[in-house]
Structures are given as structure tokens and as C-alpha cells.
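**Student:** Have a look at this one.
Throughout, read-outs are computed from the coordinates displayed, never taken from laboratory work. Keep in mind that this is a model prediction, so the values were computed, not measured. All Cβ positions, glycine included, derive from the backbone under ideal geometry; neighbour counts span all protein chains shown.
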Amino acid sequence: MSGRVTPKGKRFTIPVKYRLLLMLLPFVILITLFAYLPLAGWRFAFFNYRPGIPLKWSDFVGFDWFMTIVNTPARQAEIVRVVKNTLAMSGLGILTSWCPIAFAVLLSEIKNMRFRKVVQTLTTIPNFISWVLVYSFAFVLFSVDAGLVNRLLMDMGFITRGINFLLESDHIWLKMTAWGMWKGLGWGAIMYLAAIAGIDQELYEAARVDGAGRFRQMWNITIPGLLPTYFVLLMLSIANLINNGMDQYLVFRNAMNKDTIEVLDLYVYTLGFGSGTTTGIPFATAVSMLKSIVSITLLFAANSLSKLLRGESII
Amino acid sequence: MKNFWAAITAALIAMAMLAGCGGTASQSVSTAQSDQSEQSSQATALQSADPEPAGDTAREEYRIDVYSQLANYAGEQVGWFAKMVKDKFNLVLNIIPTGDGVFATRMSSGKLGDLILFGNNGQEFTDAIEAGMLLDWYEGDLLESYGKDIKEDLSVALQFNADTFGGGTKCYGFGHNVATSSQYSESAFYHPDIRFDIYQEIGSPEIADLMGYLDVLKQMVDARPTSDSGLPAYAISLFPDWDGDTVMSVKCMGAFYGYDEFGFTLYDVVENTAKPVLDEDSYYMAGLKFFNKAFQMGILDPDSATQTFQDVCTKYADGRVYYSIFSWLGPSNYNTPDSLAAGKGMFAVAAKDQKNVVYGTNIYGGNRIWSIGSRAEQPERIMELINWLCTPDGVMQSTHGPQGITWDYDANGKAYLTELGIATIGDPNTAMPEEAGGGLWQDGQAKMNNSTFTTDEINPVSGEKYNRDFWESELKREPSAAKVKWQEAFSVLSEDEYLENLNLKVVAIGSDFVKDTRSADLESKYIQVSTAIKDGSWRAIYASSDEDFGKIVADMIEQAKGFGYDECVAWDMEQAQERAEAVARTLAMNE
């Protein structure tokens, strides 16, 4: 059975321009579905929307919900607070983003393959544990009476009554970054380990011949070899500065640490769904639209930085 | 590669087990699940073995979604209540509790549920009506043919619902705890219960007022610093799950002094006026100070802000907490036959100046609404179920268990508990016999968790109240050693008598008052003020010094006011005025 044949006997072919268009189509559909279609939800910010009741029955209020942010200093203060938390914790994440490199470099220096595999496996596993389970693990460690840490401190005679560590509100940003690192360190190192494997072995041999020690080799060969990968990942994480997720903060949040743990995503979630009321959706939508403003600002900032440093624009 | 995955899987399992061992919550969930699967398999086995299926099995099985905002349970109803409903109506109840975003999602999907139980008659209920999610009970012959008893006995409550929410012609259900008269009061549940054995051990010191408790409780903890199993004991243990507009445990201090919860105010049930919670001299502030003092003295459980209701129940059961706000919280968990026989138990001891709020009965029903989904396939069968729950048979069986097994009527027609029935009260984990559905008593209780008639209503079959505490057979039953000590100390027989004789209660009159819905703008302010008050309150409870406390409270007030607290309170005060008028109407009617 031959392929589809045109009357003239030539095989049917799609012209190149359409073929390229067809190849592009799946991605256009995906982007439309997941990036542009959700923007339609922005219309809720302009109505007194309540779920289940059609929008056409709801009151159109124009920019009222946005104006309440402008007109209420308490609400402004809240938004400044959550944006500050978001940027601070994302910023700390970026500041510590060199840790997986260091870890990968050191890991690759371990000569005992068995030990190396064990370390790598153990550090990768936390990435696959959901934040809810991480919290229950933290609870087991730190809970007041049955918690491991409290028991230990009590048995050793440092304290007489249990301390509720999870309620403490000091250094929340650092603590959250530490939890994030514990969870992501091994996983983050995988990409660098692959990059290390790709470095030409001859470079090391040449260096050894020239009398370079292990640290010299790391510093002058491995690290420079990893930098391109690092910068790509860094750029991606700067673009995601405002999207630091919410599940981690949702599970660790309580009345005491709320002021410093609440990030923008979590704040929007709480406004819209959290308090058992459904009338919060329009205001929550209005606040979440702020996120787009921040993201666009960040994009332009990164762009001008790129222009300044490399002389070329990314947009 | 294979080894790598094997290692990961093994480690994950180990991790999960580690988490499961420590967290009592996750442990109980997994046991509940295994119980459930065990029971459902038992139930099916039983069913197929049953030679003559009783009742309505001729009709095909009908599985209904019960969306209950009152349920503390998710999944299929199991145990004795499941068997009862299955045998009588061939219904299977799939219980769906509420949570973050559940209502919004179900509303958007266009189907809330088949049987829908609302936690209150506020915005969500009226939104559901507006969106056409609820069935009009007055339409067609639904009530005449399938809800005869409801139509006959609950006509006032039905018409009240129609007048309030359906323009007088459409009825969307009725509220809980309906009574046939508004002249008596329900049995009390707001009263402080303390570990009476320890209290006597330290010489039963007098408690003059709220703050007077603290010294007594401190002495009790000093006398008995550990629980029955040897873990550290605390005087007070709180939990945040049930916080509403304000922190639940704190507002309850108002209920000890004649104030009922009312938005951001406390409603004085005697004077029929309202007092804003953040006023310096409100009982909410007194409550905050009370719990903070307890914290500073080291007798408040440090877990209070992070634990769940279930965790607290476990602590009460082990005797780790000496003070309880609700009669059904501390005593019902701690006063097991074993503790009572050993002379230990939690009983009511109120401060001299207390006026505990007791709710008056209400002919219009409360605000927890029974309703049917407009898209239910066979609404008539759901109506039959609700109708049965409104009959004496339904109230008795759904509350006290299967007749003839946990309770029965004696030769004189009076109700009494069987041996098994008595055992289930002492220990909710008592096993039920196979013919009644098997499983444990408490797993089989009706998980939808709403009532039709109040149990303080008279059962026409026996002439006694539905509430077993008032059955002649129960009153005659020999009290435990622990209870006798308490009865002798105050020369009373029951908790209600204690409050009555020592003049420790006030009645909140039931009325036809229903709160208006708030405008969208006010509602959004309400949410943020409420969050500010709740967070501030918890921080204040954990303040390390009085100075710190004052600062946190001042911050809380400033923040709440910034979000529009004053406007919210003004609205609450208007509503309080309406409630006062409704109460006056009831009083006029009673005369």
C-alpha cells in the first residue's frame, strides 16, 4: 500500500510553512490553555462574585476592590508585608543557590562509589516528600511532650517543661530557607553532577601534570565548567522570584509566625478560600493581579541589567 | 538502577512509618480507615448472609452525597447507623465534610450534594438558594407523600424558613434542635468542669471569680504534675480548629458570664444588649487575660495554638488536662467507668460569680439547616430519611443506637439503657454486635452530625425527654463513687440541678432572629478584622509578660481598627438590636 497519492501521481506533502506551523501548534495550545485562558479569571476582580452564582447576576463594581487597597492603609501594610516576605525568602533561596554546586563538587570527589551513592540517595529523597509529610516529621521532632528534641533536652536536664519550637516566630526566613535546602539540596545537585561528568577528563590530566592539587583542580576546572549551567538556573530562579509556592508556608504557618511566614501566594489563598467564607474571591483576585505587576517589573529590571552587563536585551 | 529505586522506596516507607508513629492524628486516621474497610466488608458479608432482608431492600440501593458542614468525618457512613439506614431505606450515605474552598468548589460545579447540612443560615445558605442549588420542599406533593411527620410536627419551623428565606411560599428546609415550646431550656453544656478528685485533694478551696481559678488550678497541677500514663499534665489545653469570628475558647469565657457569642460582640442574654469584644472591660478581654496568666504560670499547654480538637480529646482521655469548658469535652473523654470507679472524674465546679449561658428551646429551630439538593435524583427518598429522623423512633435510634440492642422501652413504656448501652457511654470504643452492624460504637454514630428535634423535647412514646440524662431509669441508676463525692459536696444530683440550685445560670431565650447577610465590602472587612483578632488573641495568650500582653493587645486593636473593626461592630450592634426585638416577641408569645 503506497502513501496517499495525488491524481498527478505525486506524493501528497504539506508545504513547509504549514508543516512548521503544525509543529508549533501543540505548544501554542498549551500556552493558551495554561497561561492565557486563566487570565479570564481576572474578571472576577471587577464583580461582587460569589461561587455558583452566574457572573451576569453579580454586581459589577469596576475598580472598587482595587481602590480598597489604595484607600485602606492597613491593607497596604499587609500587602507590603507579604511581598517583603516573598522577596526575602526567594532572595535567600537565590543567595544559597551556590550550595548545590559545592555539594555536587564535593560529592564528585568521593572516590568510594558505594558511599557516594548512599549519600546521593539520602540527600535526594527529601525532594520526593511532600511538605505536609515534612511538617509531620518536624512535628515529631519538635512537639512539646513527645518530641525527640524536647525529650532529649528534658532528659539531659536543660529544661523542665517542654518548649513549643514550632510556635517560635524568630528567624522564620532563615528557618524556612533551611527546610527548603534540606529538601532540595540533593535534587539541585543532580544537574551539576551531570555537568561535571561532561567536563573533559584531559583537562584534569593536564592540570595534574602541571602539579595542580585537588583543590586547584576543583577551583580552576570544575567550578568554571559548572558556571554556565549555574547562570542559566539562576536566571530561571530570578524569573520565579515571586512564585515561591505556598505549601511549605501553609503547613508551617500559625498565629505566632504568620507575620513573617505569609508569602503572596499564601496570602491570596487565605483571602479567597481560607477563612471559610466564599465572598473573598474578588478581593483575592485583585491582590493576585499584583503578582503580575511585580513579575513584569522584575522582567524589565532583569532586562536592563542584561543590557548593562552584556550589551544585549533579552526581550 | 533497580537498587536505587528499591532504596528510595524503602526509605520512603521508613519515613512514612516514622511520621505515623509519632503523630497521633495520622495514626488515628489510618486506624479509622482500616476499621472502615473492615466494617464495610463485614457489612456486605452480613447483608448477603441475611435470609430475609428487612424493610426496603426491594428498592435499588441509592447512594447519596451528604455534604455536611457539621461533619468531622469523610467517607462512607459505617457501623450501626449505616446498617439502620440501609435496612430501612436502602440508602448509603457518603459523608463530605467542609474545608478550605470546599463550598466554593461544589457551588461552582453546580451540585452541592443530595442531602445538604449547613453549619449556619448565613451567606452560604442564601447563596445556595439564589444559585438554585436547593430543593423547594413546598413544591409538588413531596411533604404530603414522603414527609408527613415533618409537615405535621415541624410546620412552624418550616414556615419560619419559608418566611425568612423563601418569600413565604418556598421552603428550603429547617434548622436543628426544634422544640414544640419556647418556655423551657436545653440542658447546659457551658460550664467549667475540673478534675474533682484533685480539687478535693487540695482541700476544695473556694473559687470566687474567673481569676480565682488560676491559683486553684496551679495547686492542682503542683499536686499532680503528671497524667495517668506519666506524661506532663496541664491545667488548660486549648485548640484553634473551631475559631470562628474570634477565638472560640476565649469567647466561651463570655458564655460563663451571661454573654452569648455574637460576631465581634458578646450578647448579654439578660439585658439583651451587646458589648464589643475589644472593649477593655469585655469578657473577651478577661478571657484573654485569663489564658495568658495561665500561660505565664506554666499551667497552659504549650501545644494549644498548634494542636487539633482530636489531640485535645486524647489528652483529656489520658487525664492530662484538669479544666474543661464544655461538658461534652473533658468529662465525656475522661469519665470512663475505670476512672470513675477509681474515684477520679471531671465535674462541674463554677466560680461563685458565674452566670453560665443555657440556651432556651426554640420552636423555629436553630441555624444548622437540613436541606435537599435540587439535583438529587430521588429527592423523595431523602425526604423519607429526614422524615424518619423527625419521628420519635428516628430521634431515639439515631441518638441512642439500635432499639433492643443499646436501649429499649420497658414494660411501662419507659426507655432504659441496656448493659451494652451503658458500656458505650463509658467507653465509646465498645464493640457493637454483628447483627447491629458491627464495628465500634463511636465509628457507627451518625457522622452527618445534625439533630432534628432537640433532645430536651418530650418523647411522646415514653412521656420522658429524649435526653437520657432525664430518664427515670438513668436517674435511678447507682452513681459512680466519683460522682457521689461531687453530689455530696454540693448536695445536688445532676449538673443542671447544680447550676439551678446554686443560681449559676442564665437562659438565652430562643427566638426567630436571623442575622442579615453582609454586603460584599463589609464581608471582606469582616474577614480581615477576624483574622487580625484571632492571630492577635493567640499571640496575646502566649505573651511572656503583662507588658508584652498589653503591647500585643494594643497592636491587635490598632490592626483590627485599620481593617474596619468599628464599621463591623456598628453592624453587629444593629443586629443585636434586631435580636433583642425578636426575643421580646418570643417573651410576649410565651405569656
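**Student:** DSSP loop (so not H, G, I, E, B), at most 16 other Cβ within 10 Å: list which chymotrypsin sites (Phe, Trp or Tyr not before Pro) in segment B:169-207 pass both filters.
**Tutor:** B:Y184, B:F189
**Student:** Based on the alpha-carbon set only, what is the convex hull volume of chain B divided per residue, in Å³?
**Tutor:** Hull volume over Cα atoms, normalised by residue count, gives 192 Å³.
**Student:** To the nearest 0.05, what FRET efficiency results for A:E109 and A:V70 with a Förster distance of 60 Å applied to their C-beta separation?
**Tutor:** 0.60
**Student:** Find how many whole Å separate the alpha carbon centroid of segment B:58-75 from the alpha carbon centroid of segment A:160-198.
**Tutor:** If we compute the Cα centre of each part, the gap is 43 Å.
**Student:** Would you calculate the separation in nanometres between label points at A:K17 and B:E280, each defined as 7 Å from the Cα along the Cα-to-beta-carbon direction?
**Tutor:** 8.1
**Student:** Follow-up. Taking 0.36 nm per residue of separation and subtracting the Cα-Cα distance, what length does fully extending B:D163 through B:A554 add?
**Tutor:** 136.4 nm
**Student:** What does the charge dipole of chain B about its Cα centre add up to, to the nearest 20 debye, if the Cβ of each Lys and Arg holds +1 and the Cβ of each Asp and Glu holds -1?
**Tutor:** 1040
**Student:** OK, next. What percentage of all Cα-Cα pairs in the protein assembly as shown are separated by more than 45 Å?
**Tutor:** 39
**Student:** Taking each pair of distinct Cα atoms in segment B:377-523 once, what is the resulting Kirkwood hydrodynamic radius in Å?
**Tutor:** Computed over Cα pairs of segment B:377-523, the Kirkwood hydrodynamic radius comes out at 18.3 Å.
**Student:** What Kirkwood radius, in Å to one decimal, follows from the Cα pairs of segment A:111-203?
**Tutor:** 16.1
**Student:** What would the Debye equation give as log₁₀ I(q)/I(0) for segment A:165-294 at q = 0.20, 0.21 Å⁻¹, counting only Cα atoms as equal point scatterers?
**Tutor:** For the requested q values the scattering log ratios are -1.16, -1.22.
**Student:** Which ordering of B:C171, B:C252 is given by a fewest-first count of other beta-carbon atoms within 10 Å?
**Tutor:** Fewest-to-most Cβ neighbours within 10 Å comes out as B:C252, B:C171.
**Student:** Shifting gears a bit: Given bins 20 angstrom wide, list per bin the percent of all Cα-Cα distances in chain A, short to long.
**Tutor:** 21, 45, 28, 6, 0
**Student:** Based on DSSP H assignment, which helices of chain A show an axial Cα extent of at least 20 Å together with a mean Kyte-Doolittle hydropathy greater than or equal to -0.5?
**Tutor:** Qualifying helices, which must be both long enough and hydrophobic enough, are A:16-31, A:73-95, A:172-197, A:223-239, A:281-310.
**Student:** Right, here's the next one. Just the projected area, averaged over all directions, of the convex hull on the alpha carbon atoms of segment B:343-452: how many nm²?
**Tutor:** Quarter of the Cα hull surface area: 11.7 nm².
**Student:** Follow-up. What's the longest uninterrupted piece of chain B once you rule out the trypsin sites (Lys or Arg not before Pro) that are loop residues per DSSP with at most 12 other Cβ within 10 Å?
**Tutor:** Value returned for the longest uninterrupted segment is B:60-351.
**Student:** On to the next question. Would you mind ranking B:M346, A:M156 by Cβ crowding within 10 Å, fewest neighbours first?
**Tutor:** Ascending number of Cβ neighbours within 10 Å: A:M156, B:M346.
**Student:** Let's test the formula: R0 of 41 Å, r as the Cβ-Cβ distance of A:N303 and B:S109. What FRET efficiency results, to the nearest 0.05?
**Tutor:** About 0.45, to the nearest 0.05.
**Student:** Mind checking B:532-539 for the average number of partner chain beta-carbons within 10 Å of each residue's beta-carbon?
**Tutor:** If you average over the peptide's residues, the count of other-chain Cβ atoms is 3.
**Student:** If each residue's Cβ is checked for other Cβ atoms within 10 Å, how do A:R11, A:R208 rank with the fewest at the top?
**Tutor:** A:R11, A:R208
**Student:** A further question on this structure: First measure r as the distance between the Cβ atoms of B:S145 and B:R375, then evaluate 1/(1 + (r/R0)^6) with R0 = 22 Å and state the FRET efficiency to the nearest 0.05.
**Tutor:** 0.65
**Student:** Quick check: net charge around B:F549, other residues with Cβ under 14 Å of its Cβ, Lys/Arg +1 and Asp/Glu -1?
**Tutor:** Net charge in that neighbourhood comes out at -1.
**Student:** Restricting everything to alpha-carbon atoms, can you work out Rg to Rh for segment B:239-311 with a Kirkwood hydrodynamic radius?
**Tutor:** Value, to two decimals: 1.01.
**Student:** In segment A:82-132, if every C-alpha pair distance is counted and binned at 10 Å from zero, what percent goes to each bin?
**Tutor:** That works out to 21, 34, 30, 13, 2, in percent per bin.
**Student:** Hey, another quick one. Could you pull the Rg and Dmax for segment B:134-268, using just the Cα atoms, both in Å?
**Tutor:** 23.2, 67
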